[in-house]
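Shown below is the structure under consideration.
The values are calculated or read from the model by the stated rules, or taken from the named source; none is laboratory data. Just so we're clear, the structure is a prediction, and the values are computed from it rather than from any experiment. Methodologically, a virtual Cβ is constructed for each residue, glycine included, from the backbone with ideal geometry; neighbour enumeration extends over all protein chains shown. Remember, those area values only see protein heavy atoms, side chains included, never the ligands or the DNA or RNA. Shrake-Rupley method; radii C 1.70, N 1.55, O 1.52, S 1.80 Å.
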Amino acid sequence: MSQKTFFITGANSGFGLAIASAAIRIGHTVVGAVRSETSRAALADVLPAVRPVLCDVTEFDIIPDVVRQAENEHGPIDVLINNAGYGHEGVLEESPIEEMRRQFDVNVFGAVAVAKAFLPRFRERRRGFIVNVTSMGMPGIAYYCGSKFALQGISEVMRSEMAPFGVRVTAVCPGSFRTDWAGRSMVRTERSITDYDALFDPIREARQVKSGKQLGDPDKLAAAVLGLVESSDPPPQLLLGSDALKLVSDRIERLQQEIEVWKSVTVSTDG
């Protein structure tokens, strides 16, 4: 495996920490981006070999300067792991628009702002790899799913636009993993409409009970991502986790059935 320099957002916890740890163990250089001095100090204690930098992904205007300084100090970045983000849980009708705006600022606009800071550098060097961490969809996390679906769509276009320049882009789509995503990292909207109790209360309770006991192993995800960035032909989307595989496979089957049922209407608009 060739030695690379990684820039990982949200490197102090969850997938970011797992990938940073795995990369350092096998000799890669890791620039770990975190959003507070407290997180920077904590990351340095856990991973002394990491090169921590302050980078709040919602401070869009300063991100290019952070990236410029990181490359000046540590050399050209080979791989961007766009991992920073958080989960929002709440019934759509109950959840304030302000919470959606914050979710998209971090999970979509922040990720895109970081990617855009690297795109000209990768394009000019005719190499580079961007891994955007997305997710699966399920009831009760509409804002989160919306943000990750948006990032996935952007990733597909980014991949097409950057391919002529030798820059690769993959959206990594994890299922349920043993991280803090459903625990301390999740923002939860307070319940207010009783009509949703039967649908949503069991989902919220099950998610909290399952937190920390999910099937997915973050260290195995990290190993898969490190293998991905070595691939000469990476996929546009990489599902990680048997639950992710089942959810997407079921969705494809439903979509194929819907297409068949409505085919006559679909083609009726031609002409």
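Which angle from 0 to 90°, rounded to the nearest 10, does the C-alpha axis of helix 142-162 make with the longest principal axis of the chain?
Between helix and principal axis, roughly 50 degrees.
Could you grab the relative contact order for region 113-230? Cα pairs under 8 Å, six or more apart, rounded to a whole percent.
After rounding, I find 27 percent.
Thinking of region 62-181 as a set of Cα atoms, what percent of all their pairs are more than 26 Å apart?
The calculated P(r) of region 62-181 puts 26 percent of pairs beyond 26 Å.
Okay, next question. With the alpha-carbon atoms as the only input, what is the per residue convex hull volume for region 29-98 in Å³?
Enclosed volume per residue, from the Cα hull, is 122 Å³.
Which whole-number percent is the relative contact order of region 4-155 (Cα, under 8 Å, 6+ apart)? It would help to have the intermediate numbers written out before the result.
Working: 247 pairs, mean separation 36.0, N = 152.
Relative contact order comes out at 24 percent.
Determine Rg/Rh for region 133-271; Rg is computed over alpha-carbon atoms and Rh is the Kirkwood hydrodynamic estimate from the same atoms. Present the calculation step by step, with values, prior to reporting the outcome.
Numbers: Rg = 18.4 Å, Rh = 17.7 Å.
Ratio of gyration radius to Kirkwood radius: 1.04.
Could you please put 200, 60 in sequence from largest to smallest accessible area, using a 1.4 Å probe?
Listed by decreasing accessible area, they come as 60, 200.
Could you name the lysines in cross-link range of residue 210, using Cα to Cα under 28 Å and dropping any fewer than eight places away on the same chain?
Counting by Cα, and skipping residues close in sequence, residue 210 has these lysines nearby: 148, 220, 246.
Where the centre of each part is set by its Cα atoms, how far does region 212-237 sit from region 138-157, in angstrom?
So the two Cα centres are separated by 19 Å.
Let me ask another. Give me the percent of accessible area attributable to carbon and sulfur for the chain, probe 1.4 angstrom.
Heavy-atom surface of the chain belonging to carbon and sulfur, 1.4 Å probe: 55 percent.
Shifting gears a bit: Computed over the Cα atoms of region 1-118, what is the convex hull's projected area averaged over all directions, in nm²? Walk me through the intermediate numbers first.
On the way: hull surface 31.1 nm².
If you wrap the Cα atoms of region 1-118 in a convex hull and average its projections, you get 7.8 nm².
Label region 78-141 by shape, choosing from rounded, prolate and oblate, from the square roots a ≥ b ≥ c of the eigenvalues of the Cα gyration tensor; if a/c is under 1.5 it is rounded, and otherwise prolate applies when a/b is larger than b/c, oblate when it is not.
Since a/c reaches 1.5 and a/b is larger than b/c, the shape of region 78-141 is classed as prolate.
Taking only the alpha-carbon atoms of region 209-253, what semi-axes of the equivalent ellipsoid follow from 5 times the gyration tensor eigenvalues under a square root, in whole Å, largest first?
Ellipsoid half-lengths, sorted descending, are 22, 18, 5 Å.
Among 77, 19, 252, whose mean-square fluctuation peaks in a Gaussian network model of the chain (Cα, cutoff 10 Å)?
Ranking 77, 19, 252 by mean-square fluctuation puts 252 first.
Taking only C-alpha pairs under 8 Å that are 6+ residues apart, what is the relative contact order of the chain in percent? Spell out each step's value before the answer.
Working: 441 pairs, mean separation 51.4, N = 271.
Once divided by the residue count of the chain, the mean separation gives 19 percent.
Can you tell which of 225, 53, 248 shows the greatest fluctuation in a Gaussian network model of the chain with Cα springs below 10 Å?
Highest fluctuation among the options: 248.
Would you mind putting 24-33, 5-14, 187-196 in packing order, based on average other-beta-carbon counts within 10 Å, highest first? Write down the numbers at each step before the final one.
On the way: 24-33: 20.3, 5-14: 25.4, 187-196: 12.4.
For the peptides 24-33, 5-14, 187-196, the packing ranking is 5-14, 24-33, 187-196.
In degrees, nearest 10, range 0 to 90: what is the angle between the Cα axis of helix 37-46 and the longest Cα principal axis of the chain?
70 degrees
So, for the chain, what is the accessible surface per residue at a probe of 1.4 Å, expressed in square angstrom?
I get 51 Å² per residue for the chain.
If you don't mind, there's one more thing I want to ask. Hey, what's the Cα Rg ratio for region 1-70 versus the globular rule of thumb, 2.2 N^0.38 Å?
1.04
Moving on. Using alpha carbons only, how many angstrom separate the centre of region 26-93 from the centre of region 110-131?
Between the Cα centre of region 26-93 and that of region 110-131, the gap is 14 Å.
Still on this model: What angle, in degrees between 0 and 90 and rounded to the nearest 10, separates the Cα long axis of helix 14-25 from the longest principal axis of the Cα atoms of the chain?
The answer is roughly 30 degrees.
Of 199, 92, 221, which is the most mobile in a GNM of the chain whose springs link Cα atoms less than 10 angstrom apart?
Judging by the Gaussian network model, the answer is 199.
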